[in-house]
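Novice: My structure is below; once you've seen it, I'll send some questions.
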Amino acid sequence: MKSFVINEQNAAVYAGKIAAWIKEQAPRKGVVLGMSGGVDCSVVARLCQLAGVDVHLVMLPYGDDMKNSRSSAHSMELIEKFNFSYHIFDIKPSVDALTIAADQQYCETGGDNFDLSRANIRPRVRMTYLYQFAQRSSRFVIGTGNLAERTVGYFTKWGDGACDLNPLAMLAKQEVYTLARYLNVPAGIIEKKASAGLWEGQTDEDELGMTYAQIDAYLINGTSGNPETDRKIEDRIAISAHKLTVIPVFEG
């Protein structure tokens, strides 16, 4: 169970608390943030501004995918509204170069598992770009994963789950939306369906087979209100536990 809940009445208080935490954690030269045009990264970007921490946004499209999904337009809307500095790098050449061709399968796995293994290259390549950019400018990489995603393991290990600090890790998705409204994030970003951008037309809730509202209810109330959904959440927690644990090492 969570120890706090952010709502419309206390949003200003918690925005200030999180901003102060970011300022305490961030290095002197600031942070680098991967910008997808989604609500999570938009909220983190605005919290960095509130903290007075220099934040540089990096857009990492795979070819035209951000343009086709309007993620690029949403990113630019936030950037122009709040005057963020930014760069754009197309990751398609890097991703394609690292992808094992379908006719070169080295094991018998296939279907969804094989497709997901290829899709996960994108967030891992994005992580590599962010860390190179951060090191060149002596910054930290700031994360954007919320508690709902962390609970059900909805992130790529060594991909979008990799960061130096994460201000949203204990926030349910509904709390992220609450902060987004308080921080004046553009309505188009708040209202669109959440997507990890793993492939064209992909949405988080469709892939998860449950809504963020159900996951949030489970986190805050102990149940989604549906026993079958509760079992799905608990199964995902068990299956993805390795993503949140320290790497096991042999100690003799």
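Novice: Of the residues Arg118, Arg139, only one is modelled with pLDDT under 95 and either over 25 Å from Asp206 (Cβ atoms) or of a type in the set (D, E, K, R) (or both); which?
Specialist: Details: Arg139 fails: modelled with pLDDT under 95.
From the options Arg118, Arg139, the qualifying one is Arg118.
Novice: Related question: Does Gly188 satisfy the criteria of being touching a residue at least 24 places away in the same chain (Cβ under 8 Å) and within 28 Å of Arg231 (Cβ to Cβ)?
Specialist: no
Novice: Applying the selection to segment 116-148, what residues are under 20 Å from Ser240 (Cα atoms), out of contact with any Ser or Thr (no Cβ under 9 Å at 6 or more places or on another chain) and either among the hydrophobic types (A, V, I, L, M, F, W, C) or without any contact (Cβ under 8 Å) to a residue 24 or more places away in the chain (or both)?
Specialist: Passing the criteria: Leu116, Leu147, Ala148.
Novice: Here is a list: Val53, Val44, Val13, Val39. Which entry is among the aliphatic types (A, V, I, L, M) and either surrounded by fewer than 20 Cβ atoms within 10 Å (Cβ to Cβ) or at positive phi (or both)?
Specialist: One residue alone meets the criteria, Val13.
Novice: Another question about this same structure. Inspect all residues belonging to segment 205-217 and state whether any of them is surrounded by 13 or more Cβ atoms within 10 Å (Cβ to Cβ), of a type outside the set (D, E, K, R), touching a Ser or Thr at 6+ places or on another chain (Cβ under 6 Å) and outside any loop (DSSP other than H, G, I, E, B).
Specialist: Yes, there is a match, as at least one residue in segment 205-217 is surrounded by 13 or more Cβ atoms within 10 Å (Cβ to Cβ), of a type outside the set (D, E, K, R), touching a Ser or Thr at 6+ places or on another chain (Cβ under 6 Å) and outside any loop (DSSP other than H, G, I, E, B).
Novice: Of everything in segment 144-160, what is closer than 25 Å to Arg70 by Cβ and either surrounded by fewer than 23 Cβ atoms within 10 Å (Cβ to Cβ) or among the aromatic types (Phe, Trp, Tyr) (or both)? Give them in sequence order. Give the steps one after another, and end with the answer.
Specialist: Let us first name the residues in segment 144-160 that are closer than 25 Å to Arg70 by Cβ, namely 144-146, 148-149, 154-156, 159-160.
Gly145, Tyr154, Phe155, Thr156, Gly159 - these are the residues of segment 144-160 that are closer than 25 Å to Arg70 by Cβ and either surrounded by fewer than 23 Cβ atoms within 10 Å (Cβ to Cβ) or among the aromatic types (Phe, Trp, Tyr) (or both).
Novice: Among helices (runs of 4 or more DSSP H) lying entirely in segment 6-97, which contain 1 or more residues that are among the β-branched types (Val, Ile, Thr) and modelled with pLDDT of 95 or more?
Specialist: 11-25, 39-51, 71-82
Novice: Of all residues in segment 64-83, which are more than 20 Å from the chain's Cα centre (by Cα) and at positive phi?
Specialist: Within segment 64-83, Asn83 is the sole residue that qualifies.
The values are calculated or read from the model by the stated rules, or taken from the named source; none is laboratory data. Values in this document were obtained by computation on a predicted structure and should not be read as measured data. Quick reminder, even Gly has a Cβ in these numbers, built from the backbone with ideal geometry, and neighbours come from all protein chains shown.
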